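Values quoted throughout were computed directly from the atomic coordinates according to the rules given, and no laboratory measurement underlies them. Source: prediction; values computed, not measured. Methodologically, a virtual Cβ is constructed for each residue, glycine included, from the backbone with ideal geometry; neighbour enumeration extends over all protein chains shown.
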Amino acid sequence: MEASKGHWLWVLTGSKGDRNGYVTAVDPRDAVSRALTSDVEDGRLLGDTLGPTGLEVLDAAPGNFDSEYTGDGDGFTLRVKRVGCPEHIRFADDVVGCGSTNVSGPDEEGFFDCRECGVFFNPLRAG
Ligand SMILES: [Zn+2]
């Protein structure tokens, strides 16, 4: 099985601020790499705002079939997660879909659309 490109959510938390975004990547390492070269709101690249430990997080990220990776840098945590149709209920009002990663999005409001079962979901809120 070959790794296929998919949508990945990245979420930064910690002293460097709370930010998130989406990239298209094949694996966790690719997703972290693309997150670090994403523009942030002040016109800089995310990697530039994180400092040298951003690269250590990248070095530690696996280039494998994992669908999730969390790296800790100097005062921040960077998490990447492959976007998939939600298949688990955490809260009573959660939407539940089929778990497929065949999804399209995000739209203007941050929602993805599952091409398999048609569920609309926001990966930031879905498990
Ligand atoms: Zn689905």
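Be a star and scan region 14-47 for residues whose amide nitrogen sits under 19 Å from the point 7 Å along the Cα-to-Cβ vector of residue 74. Within reach of a label on residue 74: 14-18, 36-37, 44-47.
Springs join every pair of Cα atoms under 10 Å in this Gaussian network model of the chain, and among 91, 65, 76 the largest mean-square fluctuation is at 91. Potential lengthening of the chain between residue 88 and residue 100 amounts to 3.1 nm, from the contour at 0.36 nm per residue minus the alpha-carbon distance.
The calculated FRET efficiency for the pair residue 117 and residue 13, based on their C-beta separation and a Förster distance of 41 Å, comes to about 0.85. Between residue 45 and residue 5, take the C-beta separation as r, use R0 = 30 Å, and let me know the FRET efficiency to the nearest 0.05. The computed FRET efficiency comes out at 0.90.
Fewest neighbouring Cβ atoms within 10 Å first, the residues 96, 57 line up as 96, 57.
Computed over the chain with a Gaussian network model linking Cα atoms closer than 10 Å, the most mobile of 71, 51, 43 is 43.
Only Lys, Arg, Asp and Glu carry charge here, each on its Cβ (+1 for the first two, -1 for the last two); on that basis the chain has a dipole of about 120 debye about its Cα centre.
Cα-based radius of gyration for the chain, normalised by 2.2 N^0.38 Å, reads 1.06.
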